[in-house]
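K.L.:
Encoded as structure tokens, here's the structure I'll be asking about.
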Amino acid sequence: MTFRLTADQRGIRDQILRICATFDDDYWLDRDRNGGFPHDLHRAMAEGGWLGIAMPEAVGGAGLGITEATILMQAIAESGAGASGASAIHMNIFGLNPVVKFGTDEQRARMLGPLIAGDEKACFAVTEPTTGLDTTRLKTMAARQGERYVVHGQKVWISTAQVADKMLLLARTTRREDVSSPTEGLSVFYTDLDRNFVDVREIE
Ligand SMILES: Cc1cc2nc3c(=O)[nH]c(=O)nc-3n(C[C@H](O)[C@H](O)[C@H](O)COP(=O)(O)OP(=O)(O)OC[C@H]3O[C@@H](n4cnc5c(N)ncnc54)[C@H](O)[C@@H]3O)c2cc1C
């Protein structure tokens, strides 16, 4: 096994570093001092087509892998953006990977297309105030009521939730006590982040 980058991977890295060179230390110092989201970097990444690096070509992505996406993230971080600059982008690249892997064609087009274009931002909500790394014990419950799900619970530390338009939300649809394996009975929902969760749609 070799960890050496291929010529294509070096090319990705070089192109990202070139884009990031336009966001200098003063830009990031300003973001740090004001706590603002780097919307211009997000837009630049979308315009370069980079947000779809690990998403299917059928929906406008590049169809590359998590390794290439990681190279992209590392280049952003080392450019001076640091972890918070990289985190501002990474949710839109990795967060919806469950949809990349398990979504239907219709779901991929509807959910991934706007992310790749940079028209929407998404976050991924797993962690809860009383449930950290022991994910299968999360307490957020989604109960079906007719055509909708009603969700009750709390989420915390959700990167970019302050600016996201959409949230991929992990919740229990069957209680842990009622499943044979703790990983069963968990579902993800993709919802508008209007803070009222009025448009909850089940993915699986
Ligand atoms: C910068 C940042 C961004 C984040 N963004 C997101 C996000 O976008 N979405 C999201 O859902 N979450 C996010 N998180 C939360 C993160 O994913 C983790 O879930 C969270 O940090 C862990 O929760 P906790 O602090 O309650 O730790 P705990 O789960 O309480 O763990 C505390 C310590 O106990 C250890 N521990 C836990 N369980 C066991 C066990 N059974 N046996 C032995 N040791 C154990 C852990 O290794 C750890 O050292 C983010 C966190 C950070 C710091």
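No lab work stands behind these numbers, since they all come straight from the coordinates. Fair warning: this is a prediction, and the values are worked out from it, not measured in the lab. Neighbour counts run over all protein chains shown; Cβ positions are idealised from the backbone, glycine included.
K.L.:
Quick one: in segment 109-130, which of the residues that are assigned to a helix (DSSP H, G or I) and either closer than 25 Å to Leu41 by Cβ or among the hydrophobic types (A, V, I, L, M, F, W, C) (or both) is farthest from the ligand (Cβ to nearest atom)? Can you show your working first?
P.N.:
In the first step, residues of segment 109-130 are kept if they are assigned to a helix (DSSP H, G or I); the result is 109-117.
Restricting the remaining residues to those that are either closer than 25 Å to Leu41 by Cβ or among the hydrophobic types (A, V, I, L, M, F, W, C) (or both) gives 109, 111-117.
Working: Ala109: 24, Met111: 17, Leu112: 18, Gly113: 22, Pro114: 19, Leu115: 15, Ile116: 19, Ala117: 22 Å.
Only one residue fits best here, namely Ala109.
K.L.:
If the requirement is being within 27 Å of Asp25 (Cα to Cα), in contact (Cβ under 8 Å) with a residue 12 or more places away in the chain and surrounded by fewer than 21 Cβ atoms within 10 Å (Cβ to Cβ), which of these qualifies: Ser87, Ser79?
P.N.:
Of Ser87, Ser79, the one residue that is within 27 Å of Asp25 (Cα to Cα), in contact (Cβ under 8 Å) with a residue 12 or more places away in the chain and surrounded by fewer than 21 Cβ atoms within 10 Å (Cβ to Cβ) is Ser87.
K.L.:
Right, here's the next one. For Ala83, state whether it is in contact with a helix residue (DSSP H, G or I) (Cβ under 8 Å, 6 or more places away or on another chain) and within 16 Å of the ligand (Cβ to nearest atom). Spell out how you get there, then give the answer.
P.N.:
Details: in contact with a helix residue (DSSP H, G or I) (Cβ under 8 Å, 6 or more places away or on another chain): yes; within 16 Å of the ligand (Cβ to nearest atom): yes.
So Ala83 passes the test.
K.L.:
Working carefully through the options Leu168, Leu133, find the one that is assigned to a loop (DSSP other than H, G, I, E, B), out of contact with any Lys or Arg (no Cβ under 9 Å at 6 or more places or on another chain), of a type in the set (A, V, I, L, M) and within 13 Å of the ligand (Cβ to nearest atom). Steps first, please.
P.N.:
Working: Leu168 fails: assigned to a loop (DSSP other than H, G, I, E, B).
Step by step, each of Leu168, Leu133 is checked, and only Leu133 is assigned to a loop (DSSP other than H, G, I, E, B), out of contact with any Lys or Arg (no Cβ under 9 Å at 6 or more places or on another chain), of a type in the set (A, V, I, L, M) and within 13 Å of the ligand (Cβ to nearest atom).
K.L.:
Let me ask something else about it. Would you pick out the residues in segment 136-160 that are surrounded by 14 or more Cβ atoms within 10 Å (Cβ to Cβ), within 16 Å of the ligand (Cβ to nearest atom) and of a type in the set (Phe, Trp, Tyr)?
P.N.:
Of everything in segment 136-160, nothing turns out to be surrounded by 14 or more Cβ atoms within 10 Å (Cβ to Cβ), within 16 Å of the ligand (Cβ to nearest atom) and of a type in the set (Phe, Trp, Tyr).
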